[in-house]
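S.K.: Take this structure first; my questions come after.
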Amino acid sequence: DVSSPKHGKVDPDNMPHVGGNTWAGGTGGRDTAGLGGKGGPYRLDAGHRVYQISQAEKDAVPEEVKRAAREMGEKAFKQKLKEIHMSEYDASTYERFSGAVRRQVQSLRIILDNLQ
């Protein structure tokens, strides 16, 4: 079961973590920031293979936990904007322009990675 969202502990060795309720950047777990899990406050990619839980499990998260996770994610987003000296308007403008060329940028990254 999910209890309350949190960032989670940071693994200094960046080892992959699947499931559980401890590590930030893990996959398929609960309550912590990561990918493929449930009840976490925001997505956090540590660069590992993603293990996805079922949509039914995600839908079973209580509304108060979803609300707390959204609030924590919003707070983290605003803090990150403050750290990089961006307003919410700047972020939405960036997202609009970035979204328009996202596929082309991804293609270029793949080409450059292959050339290296």
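S.K.: So for segment 58-70 (the condition being part of a helix (DSSP H, G or I), surrounded by 10 or more Cβ atoms within 10 Å (Cβ to Cβ), touching a residue at least 40 places away in the same chain (Cβ under 8 Å) and touching a Pro at 6+ places or on another chain (Cβ under 6 Å)), does at least one residue qualify?
M.R.: Yes, that holds for at least one residue.
S.K.: Identify the single condition in (1) in contact (Cβ under 8 Å) with a residue 12 or more places away in the chain; (2) open to solvent by 60 Å² or more (accessible area, probe 1.4 Å); (3) assigned to a helix (DSSP H, G or I) that GLU74 does not satisfy, given that it satisfies every other one.
M.R.: The one condition GLU74 does not meet is (1).
S.K.: Quick one: in segment 77-116, of everything that is among the aromatic types (Phe, Trp, Tyr) and over 29 Å from GLY37 (Cβ atoms), which residue is least open to solvent (accessible area, probe 1.4 Å)? Show your work before the answer.
M.R.: Our first condition is that a residue be among the aromatic types (Phe, Trp, Tyr); within segment 77-116, this holds for 77, 89, 94, 97.
With the extra rule that they be over 29 Å from GLY37 (Cβ atoms), the set shrinks to 89, 97.
Numbers: TYR89: 158, PHE97: 131 Å².
Result: PHE97.
S.K.: Also: Only residues that are in contact with a Ser or Thr (Cβ under 9 Å, 6 or more places away or on another chain) and either open to solvent by 30 Å² or more (accessible area, probe 1.4 Å) or not assigned by the TED database to the domain that holds ASP59 (or both): list them for segment 29-39, please.
M.R.: Keep residues of segment 29-39 that are in contact with a Ser or Thr (Cβ under 9 Å, 6 or more places away or on another chain), which gives 29-32, 34-37, 39.
Correct list: ARG30 only.
S.K.: Only residues that are open to solvent by 50 Å² or more (accessible area, probe 1.4 Å) and closer than 10 Å to VAL2 by Cβ: list them for segment 40-57, please.
M.R.: Result: GLU57, single match.
S.K.: All but one of (1) of a type in the set (A, V, I, L, M); (2) in a helix (DSSP H, G or I); (3) touching a residue at least 24 places away in the same chain (Cβ under 8 Å) hold for ALA46, so report the exception by its number.
M.R.: Among (1) of a type in the set (A, V, I, L, M); (2) in a helix (DSSP H, G or I); (3) touching a residue at least 24 places away in the same chain (Cβ under 8 Å), ALA46 violates only (2).
S.K.: Go through GLU63, GLU71 for me and flag whichever is modelled with pLDDT of 95 or more and out of contact with any strand residue (DSSP E or B) (no Cβ under 8 Å at 6 or more places or on another chain). Write out each step before concluding.
M.R.: On the way: GLU63 fails: modelled with pLDDT of 95 or more.
So the residue among GLU63, GLU71 that is modelled with pLDDT of 95 or more and out of contact with any strand residue (DSSP E or B) (no Cβ under 8 Å at 6 or more places or on another chain) is GLU71.
S.K.: Sticking with this one: Give the number of residues within segment 1-15 that are loosely packed, with under 15 Cβ neighbours inside 10 Å and farther than 20 Å from GLN79 by Cβ.
M.R.: We begin by selecting, within segment 1-15, every residue loosely packed, with under 15 Cβ neighbours inside 10 Å; these are 1, 3-4, 9-10, 12-15.
Add one more test, that the residue is farther than 20 Å from GLN79 by Cβ, and what stays is 1, 3, 12-15.
Of the residues in segment 1-15, 6 are loosely packed, with under 15 Cβ neighbours inside 10 Å and farther than 20 Å from GLN79 by Cβ.
The values are calculated or read from the model by the stated rules, or taken from the named source; none is laboratory data. Computed from a predicted structure; not experimentally measured. Every residue, glycine as well, gets a Cβ built from its backbone with ideal geometry; the counts of neighbours run over all protein chains shown. With ligands, DNA and RNA removed, areas are computed over all heavy atoms of the protein, side chains included. Shrake-Rupley method; radii C 1.70, N 1.55, O 1.52, S 1.80 Å.
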